[in-house]
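Q: Okay, here's the structure, questions in a sec.
The values are calculated or read from the model by the stated rules, or taken from the named source; none is laboratory data. None of the values given here were measured: they were computed from a predicted structure. Note: ideal-geometry Cβ built from the backbone for every residue, glycine included; neighbour counts use all protein chains shown.
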Amino acid sequence: MTDKAVHEKDVLREMILQATQLLCQWHVSTWLKKQAACLAKPVSNEVKAVMSLLVYAKSKEDYED
């Protein structure tokens, strides 16, 4: 698990070809809140609600729904 550092993803890909990068939930949520703050309030609320469903999905099926 890493933060959002792109260089870490590149190193993982080079060293472990089949590695999957998992992003830290806190970093994702923090980044999203900053990005959503630039949107109109109703849009911001909708984006945050949808992303919350994705971040807290309990299964692949929940995530894909």
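Q: Find the residue count for the stretch 6-30, including only residues that are closer than 23 Å to Y56 by Cβ, exposed (fewer than 12 other Cβ atoms within 10 Å of the Cβ) and either in contact with a Gly (Cβ under 7 Å, 6 or more places away or on another chain) or not aromatic (F, W, Y) (or both).
A: 3
Q: Same structure, new question: Can you find, within the stretch 10-29, the residue that is farthest from V55 (Cα to Cα) among those that are of a type in the set (A, V, I, L, M, F, W, C) and part of a helix (DSSP H, G or I)? Break it down into steps so the answer makes sense when it comes.
A: From the stretch 10-29, those of a type in the set (A, V, I, L, M, F, W, C) are 11-12, 15-17, 19, 22-24, 26, 28; that's our starting set.
Applying the additional criterion that residues be part of a helix (DSSP H, G or I) yields 11-12, 15, 26, 28.
Values: V11: 25, L12: 22, M15: 27, W26: 10, V28: 8 Å.
By that ranking, first place goes to M15.
Q: Criterion first (in contact with a helix residue (DSSP H, G or I) (Cβ under 9 Å, 6 or more places away or on another chain), surrounded by 12 or more Cβ atoms within 10 Å (Cβ to Cβ) and without any contact (Cβ under 8 Å) to a residue 24 or more places away in the chain) does K33 satisfy it? Lay out the reasoning, then the answer.
A: On the way: in contact with a helix residue (DSSP H, G or I) (Cβ under 9 Å, 6 or more places away or on another chain): yes; surrounded by 12 or more Cβ atoms within 10 Å (Cβ to Cβ): yes; without any contact (Cβ under 8 Å) to a residue 24 or more places away in the chain: yes.
The answer is yes for K33.
Q: For H7, only one of the following conditions fails: (1) at pLDDT below 85; (2) assigned to a loop (DSSP other than H, G, I, E, B); (3) of a type outside the set (A, V, I, L, M). What is its number?
A: Exception for H7: condition (2).
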